[in-house]
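**Student:** Below: one structure in structure tokens.
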Amino acid sequence: MKKLIIFLLIISALTGSLVSCGNKGDGEVSVFYYTYSDTYISGVRGAIDSMLKSAKISFNNYDANSNQTTQTEQIDTAIAKGSKLLIVNIVDTGSDDAAAKIISKAKNADIPVIFFNRSVSEKVISSYDKCVFIGTDYEMAGHMQGELIGNYVLKNYESLDLNGDGKISYVMFKGQQGNAEAEARTKYGVEDADKILTEAGKPKLSFYDSQNAGKYLVDQGGNWSAQSANDYMKTILSAYSESAKNMVELVIANNDEMALGAIAALQESGYNKSGGKTIPVFGIDATDAAVAKIKDGSMTGTIKQDAKGMAETIVKISQNFLSAKDMFEGVDKDNMVGNWRVNIPYSAYTGEGDKK
């Protein structure tokens with residue numbers, strides 16, 4: 001038995017970063033992250049760690065580093081070690097297969113599962129009575145971003161039209177192809193802004209590259225990264241400029257990391273600096289770094305995805321599972337969707353009133 005435990009610990013070390021709190025051994029809570037490198041997820045992780053420690057709940061964290069095979073192997077290891085709860089930020093959101101396999105493994109071992117942040121379908125969650133999803137109404141994030149952008153552009157239309165062509169040229173940075181959150185944010189972030197503009201008699205937003213049928217630039221690595229947006233933005237700025245009368249006049253990003261990557265490129269070209277011209281940049285998440293950029297004027301707005309609120313709900317439901325209570329006990333009913341899901345509310349942040 002001792003050799004088996006040692007072997008499993010070695011495997012867990014090889015397949016992901018392992019962090020523990022509390023007494024080691026059987027009966028711990030296992031928390032699986034799609035990657036530690038995601039800034040928003042890092043905020044959620046920090047909050048969960050703190051709350052689990054305060055509740056004196058023993059836990060292990062696992063970093064899948066954006067690899068579903070790694071994460072699945074980590075889950076096998078945790079189950080073999082006797083984990084009493086799986087909290088999963090799943091890697092693969094392109095289909096139900098990975099989530100369904102995880103539920104099957106957990107169900108066979110009679111272990112509750114909490115999926116969070118990265119979408120899992122109702123069909124899969126509802127297949128196991130000890131399973132729940134905690135996330136956000138991802139369509140709402142797109143709608144709120146679109147409304148924020150539309151109202152801002154309408155209010156500042158003349159000053160934003162650097163090309164003097166009567167329309168606003170934009171770029172959209174999409175986090176991941178096929179991801180439900182990315183699809184909704186990409187769609188509604190533009191559609192809802194267009195609705196506000198056209199109702200006021202203004203033209204719709206115009207994607208800067210007429211040859212791009214999709215009207216977005218996707219992070220090919222699926223990591224919603226600052227680096228991908230930075231690379232794209234540098235390439236754009238090498239060919240699009242005020243002097244050529246084709247400057248990109250608005251930046252929309254599916255998350256704050258990509259927004260920050262775009263800002264870095266803009267600043268290298270002299271924009272979005274104190275006292276100079278600013279290209280409005282909008283993101284989603286309200287990370288600390290993005291809030292700082294909004295406060296210094298180099299970023300325009302974001303939609304707050306409440307990392308602390310998500311962590312609080314995850315830990316509350318974890319405690320319910322561990323104490324054999326109803327899994328939704330103490331959860332705000334206004335945030336519940338049927339018996340399978342809890343949505344954490346969004347809010348807009350532009351720095352006005354300095355409230356986050």
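**Student:** Considering only residues that are touching a helix residue (DSSP H, G or I) at 6+ places or on another chain (Cβ under 7 Å) and either outside any loop (DSSP other than H, G, I, E, B) or surrounded by 13 or more Cβ atoms within 10 Å (Cβ to Cβ) (or both), which ones fall in region 216-225?
**Tutor:** TYR216, LEU217, ASP219, TRP224, SER225
**Student:** Which one of these does THR198 not meet: (1) in contact with a helix residue (DSSP H, G or I) (Cβ under 7 Å, 6 or more places away or on another chain); (2) surrounded by fewer than 16 Cβ atoms within 10 Å (Cβ to Cβ)?
**Tutor:** Result: THR198 fails condition (1) only.
**Student:** While we're looking at this one, here's another question. Only one of these is closer than 30 Å to LYS84 by Cα and surrounded by fewer than 24 Cβ atoms within 10 Å (Cβ to Cβ): LYS245, LYS308, LYS304. Name it.
**Tutor:** Matching residue, one of LYS245, LYS308, LYS304: LYS308.
**Student:** I've got another one for you. If only one of VAL337, VAL342 is surrounded by fewer than 17 Cβ atoms within 10 Å (Cβ to Cβ), within 15 Å of MET140 (Cβ to Cβ) and of a type outside the set (Phe, Trp, Tyr), which one is it? Steps first, please.
**Tutor:** Numbers: VAL342 fails: surrounded by fewer than 17 Cβ atoms within 10 Å (Cβ to Cβ).
Exactly one of VAL337, VAL342 is surrounded by fewer than 17 Cβ atoms within 10 Å (Cβ to Cβ), within 15 Å of MET140 (Cβ to Cβ) and of a type outside the set (Phe, Trp, Tyr), namely VAL337.
**Student:** Here is a further query. Check region 78-90 and report whether any residue there is under 19 Å from the mean Cα position of the chain (by Cα) and part of a helix (DSSP H, G or I).
**Tutor:** Step one: of region 78-90, the residues under 19 Å from the mean Cα position of the chain (by Cα) are 87-90.
If we keep only those that are part of a helix (DSSP H, G or I) too, we end up with none.
No, that holds for no residue.
**Student:** Which condition number does GLN319 fail, the rest of (1) assigned to a helix (DSSP H, G or I); (2) under 30 Å from ALA290 (Cα atoms); (3) touching a residue at least 60 places away in the same chain (Cβ under 8 Å) being met?
**Tutor:** Of everything listed in (1) assigned to a helix (DSSP H, G or I); (2) under 30 Å from ALA290 (Cα atoms); (3) touching a residue at least 60 places away in the same chain (Cβ under 8 Å), GLN319 misses just condition (2).
Here is a yes/no grid of residues against (1) outside the structural domain of LEU322 (by TED's automatic domain parsing); (2) more than 20 Å from TYR36 (Cβ to Cβ); (3) in contact (Cβ under 8 Å) with a residue 24 or more places away in the chain; (4) surrounded by fewer than 21 Cβ atoms within 10 Å (Cβ to Cβ):
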{"residue": "SER54", "(1), (2), (3), (4)": "no, yes, no, yes"}
{"residue": "PHE59", "(1), (2), (3), (4)": "no, no, yes, no"}
{"residue": "TYR62", "(1), (2), (3), (4)": "no, no, yes, no"}
{"residue": "GLN71", "(1), (2), (3), (4)": "no, no, yes, no"}
{"residue": "THR77", "(1), (2), (3), (4)": "no, no, yes, no"}
{"residue": "GLY82", "(1), (2), (3), (4)": "no, yes, yes, yes"}
{"residue": "ALA99", "(1), (2), (3), (4)": "no, yes, yes, no"}
{"residue": "ILE103", "(1), (2), (3), (4)": "no, yes, yes, no"}
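The values are calculated or read from the model by the stated rules, or taken from the named source; none is laboratory data. Every value quoted in this text rests on a predicted model; they were computed, and no experiment measured them. Neighbour counts run over all protein chains shown; Cβ positions are idealised from the backbone, glycine included.
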